[in-house]
Structure formats: structure tokens, C-alpha cells
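Working notes, structure below.
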Amino acid sequence: MIVCSYLHEGYLFKFRSRFGKELTRNIICIDYPQEFEVEQIRQYPRIGVDLDVEVALGNEKMLGKIRGISEKGCFLELNKMVSARIVCNFHSSK
């Protein structure tokens, strides 16, 4: 018997299972669980979105997308790496 868990969109799924068979080296099949537990990890639920944004860091502007948003934050995907924590103020151009 093994205990498995995986994280998906802010929820932790946990279940018990058994080894099925080995497909190749380091890849195995497990039995489908009869039951599982779900635990919400996030303090605030996140809503999936797909919003185009332009972010200004000092004098530099870059394009990106907001992929998820919650009461206390968002998942911001930028077209290049930055080495700073970004605090966002949202302004709509529409």
C-alpha cells in the first residue's frame, strides 16, 4: 500500500493505492483509488483568467498575462524573467 498526493490548482488530493505494474524504468502503474481526500491549500480561492497586461518596471515595459486572480494576489506570467517581487496596481484601459 502506498500513500499518494498531488497538487492541482490550489487543492491537495490524497489517496491510498497499490502498485500495479512497472511500465519502464522509474514509471509504474498504480490502482485507481476507491476514495480520496481533497484539501484546499490556498487561503483564498483563485479564479482562472486569461488577461493580456502591460507591466511597467521603472522605465521598462513588458507584456504578459494574468493567468489566475484571487482576493489577495494573482499569477502574472511575463515574457521575460525579472528578479524582483512585483507589486501591481491595476488600471483598465477600457
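The values are calculated or read from the model by the stated rules, or taken from the named source; none is laboratory data. Here the structure is a predicted model, which is why all the values come from computation and not from measurement. All Cβ positions, glycine included, derive from the backbone under ideal geometry; neighbour counts span all protein chains shown.
For region 25-68, the set of residues classified as in contact with a Leu (Cβ under 8 Å, 6 or more places away or on another chain), of a type in the set (Val, Ile, Thr) and within 28 Å of Cys4 (Cα to Cα) consists of Val38, Ile41, listed by residue number. Scanning region 7-43 for residues that are exposed (fewer than 10 other Cβ atoms within 10 Å of the Cβ) and assigned to a strand (DSSP E or B) yields a total of 5.
Filter region 44-83 for residues that are in a strand (DSSP E or B) and acidic (Asp, Glu); which is surrounded by the most Cβ atoms within 10 Å (Cβ to Cβ)?
First, the residues of region 44-83 that are in a strand (DSSP E or B): 47-57, 60-70, 73-78.
From what is left, the residues that are acidic (Asp, Glu) are 50, 52, 54, 60, 77.
Working: Asp50: 9, Asp52: 8, Glu54: 10, Glu60: 9, Glu77: 13.
So the residue we want is Glu77.
Residues in region 56-69 that are modelled with pLDDT of 85 or more and not basic (Lys, Arg): Met62, Leu63, Gly64, Ile66, Gly68, Ile69.
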